[in-house]
Amino acid sequence: KDVSSLVSHAGMADLPPLLEFSNGSAVTTKQALNERREEIKHLLTKYYYGTFPSTVPTLVSSAIINSTTSRGVVDSFIQLNFQVSP
């Protein structure tokens, strides 16, 4: 059964080929696959997860600005205030 019409890919980012290095060369060995895995981890960290700052700011205060519950789901807007480093 063709389900392609049921799945929308609108808004999805194009993923790079998994068995091809960023430089275009092919992954052909187990060692190369491990190297590609590390390359993918680096790409995910850089472009998806982000990185942590070298110095973590101190949390000064927090407050719940707004909170609603709908069908058992709590949706809250929380304000966090951090100490500004000189």
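Annotations
- Solvent-accessible heavy-atom area per residue, rounded to whole Å², over segment 22-86 at 1.4 Å: 92 Å²
- The apolar share of the surface of segment 36-86, taken as the fraction of accessible area on carbon and sulfur atoms (1.4 Å probe, ligands and nucleic acids excluded), comes to 58 percent.
- Using 0.36 nm per residue and subtracting the Cα-Cα separation, the extra length available between Val60 and Lys41 on full extension is 3.6 nm.
- Phi angles of segment 73-79 translate, via the Karplus equation with coefficients 6.51, -1.76, 1.60 and θ = phi - 60°, into HN-Hα couplings of 10, 9, 10, 10, 9, 10, 9 Hz per residue; Gly and Pro are given as x.
- Full extension of the chain segment joining Thr69 with Glu20 gains 13.1 nm, where the gain is 0.36 nm per residue of separation less the Cα-Cα distance.
The values are calculated or read from the model by the stated rules, or taken from the named source; none is laboratory data. The structure displayed is predicted, hence computed values, not measured ones. The accessibility values were calculated without ligands, DNA or RNA, using every heavy atom of the protein model including side chains. Shrake-Rupley method; radii C 1.70, N 1.55, O 1.52, S 1.80 Å.
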